[in-house]
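The structure appears right after this line, and notes come after that.
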Ligand code: HEM
Ligand SMILES: [Cu+2]
């Protein structure tokens, strides 16, 4: 390797990429997008099957496709991209070399082999057990083996991230505390370590059970530990996409956090409490006490909800403060109207933030309440909620970050900028609609993971109201719209790599330079105390949010009171 | 920050909260212990004490 090219400085942003880190970030992001593409094709098939008048696939293919869609999206796409984010937030933002690149490549290889193995198992047709793979339903042993390999690979990635923090500290490449964005990534990696360990604790015995080594696995035990993995992994996503929001606010606006202290404390609340909320998946399970359920899902979990509200407030608040400094001070919302709405880095991030809060956040708190959970348990309301969190929140935030990384990391101009400009709107608003109508259908009782809501030919038929069919038709239509938005993203990213004009504005060096010079690197990587709280527009937005929250919450209690008549 | 403030700050002890937040491995410890104790250990104890049907 040519030593004088060990570090590359991207001149426009001032970001500095260590060669190994750069390749690893690219490889992880690339394979993330490959699984997003596969998952997206499957999303189309699943949506067209749940659209009652289309009802595309036969039953066995529906469950196969749904299993693959869940895993390819929620696990493989998201986690590959997250590992890329972890390396970016450590080596690149801290301007140091990546710790143990060889081991990082080993982790990457395990993840790739694992993801392929599990996909092969699913597409062979004998592992349509849904991503949750609840025992005693059994999949082919290679299904579990693939997941275990993938998990070990991701765990290695987390430790390489932690190692890189140590390298940066020893080499003194940053001053004082970690930059806020890196701190958010640290939060994500800590949650990831707990998550992956839980996954291993339950999937290894399940693998042994699938090859006949262990006789039985208790279903409740499985569900309890599996959800420490399944739910906590959603919290990796939240910590990661919140960090991406902060990064994008800094990249696009030069925005400084309103108060680093407050934001860091909110991340600490995530570290301590977010994972307890895993218990909301077991609210309807007998065998676990109400004390355990309520302790884990309410009192403590609300600290974590509080933290999300803090981030949801301080990110737009920081943007507002930065914009007002630039002179956009008219009225409550000139700062927002004059934001760069045609820049997909910004528009995607903002659509992600609003949708995550209003659709994902409010519905999540509602359904995480033990009593209210009964209204929507196992209905299609549940995927409605989590498509708002993990698709609008996480996926869209990662997509908008990509538009920044294409020139800075992949050194290509964005191909088809006109398509890129509209992509966050088509994907984001398609998903807003999709999540809303799924929640609507779920409130009417339509089950999730169900091939035929008309229950044709069953012993105990059930007749849904016409409005439920209408809602599911809209699920199909808005799902197709969102898939088109996702396709636009793939077109632009893959097209940019293949046909985008090369960006030749880099300098190379053998040694890193710790001090960021250009604006972007300095704002994401530096420290700012606090930018202050003079953000009346954001404050008003927060009040609107709280009112919507309280109204929706109480409407559901009212609704609960009418579910069973008392006579 | 002016030169003066920087030297003042050097003499001040670092606040406890900042010391916690600046220690990734302490945070890792918190992030693993809290859910392990309250969610996993407590949950598993409840499950294993469910009496077996005869
Ligand atoms: C174009 C976008 C997407 C569309 C149209 C779409 C559509 C769907 C549909 C129709 C279902 C089936 C619901 C059911 O019958 O229970 C589903 C399930 C699911 N989707 Fe998506 N999806 C999209 C993107 C994503 C993304 C990006 C993720 C994750 C990051 C994701 C994660 C999941 C998961 C975890 C399930 C549940 C699988 C299960 O129940 O086992 N989806 N999706
Ligand atoms: Cu959850």
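The values are calculated or read from the model by the stated rules, or taken from the named source; none is laboratory data. Only a predicted model underlies this, so the values are computations on that prediction, with no experimental measurement involved. Here Cβ is always computed from backbone atoms with ideal geometry, including for glycine, and neighbour counts include all displayed protein chains.
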Report the residue count in region A:273-291 for those that are closer than 18 Å to residue B:37 by Cβ and buried (at least 19 other Cβ atoms within 10 Å of the Cβ).
9
Got a sec? Which of A:240, A:255 is under 28 Å from residue B:33 (Cβ atoms) and either within 14 Å of chain B (Cβ to nearest Cβ) or surrounded by 23 or more Cβ atoms within 10 Å (Cβ to Cβ) (or both)?
A:240
By my count, helices (runs of 4 or more DSSP H) wholly in region A:292-373 with at least 3 residues that are buried (at least 22 other Cβ atoms within 10 Å of the Cβ) and within 16 Å of ligand 1 (Cβ to nearest atom) are A:344-355
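May I ask you to verify whether residue A:228 is crowded, with 23+ Cβ neighbours inside 10 Å, in a helix (DSSP H, G or I), modelled with pLDDT of 95 or more and within 14 Å of chain B (Cβ to nearest Cβ)?
Details: crowded, with 23+ Cβ neighbours inside 10 Å: yes; in a helix (DSSP H, G or I): yes; modelled with pLDDT of 95 or more: yes; within 14 Å of chain B (Cβ to nearest Cβ): yes.
Answer is yes for this residue.
Does region A:413-470 hold any residues that are farther than 21 Å from residue A:380 by Cβ and surrounded by fewer than 19 Cβ atoms within 10 Å (Cβ to Cβ), and which are they? Working first, answer last.
Of region A:413-470, the ones farther than 21 Å from residue A:380 by Cβ are A:413-426, A:457, A:459.
Passing the criteria: A:413, A:416, A:417, A:418, A:419, A:421, A:422, A:425, A:457, A:459.
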Only one of A:193, A:236 that is closer than 21 Å to residue A:98 by Cβ, in a helix (DSSP H, G or I) and under 16 Å from the mean Cα position of the chain (by Cα)
A:236
By residue number, the members of region A:159-176 that are farther than 9 Å from residue B:24 by Cβ, crowded, with 16+ Cβ neighbours inside 10 Å and facing another protein chain (nearest Cβ under 10 Å) are A:161
Which pairs do you get when a residue that is under 17 Å from residue A:198 (Cα atoms) and within 7 Å of chain B (Cβ to nearest Cβ), found in region A:278-291, comes within reach of a residue that is within 16 Å of ligand 1 (Cβ to nearest atom) and assigned to a helix (DSSP H, G or I), reach meaning Cβ atoms under 9 angstrom, with the pair 6+ apart or on two chains?
A:278/A:227; A:278/A:229; A:278/A:230; A:278/A:231; A:278/A:232; A:278/A:235; A:279/A:227; A:279/A:231
Any residue in region A:258-280 that is more than 21 Å from the chain's Cα centre (by Cα) and part of a loop (DSSP other than H, G, I, E, B)?
yes
Residues within region A:396-423 that are assigned to a helix (DSSP H, G or I) and in contact (Cβ under 8 Å) with a residue 24 or more places away in the chain, tallied
18
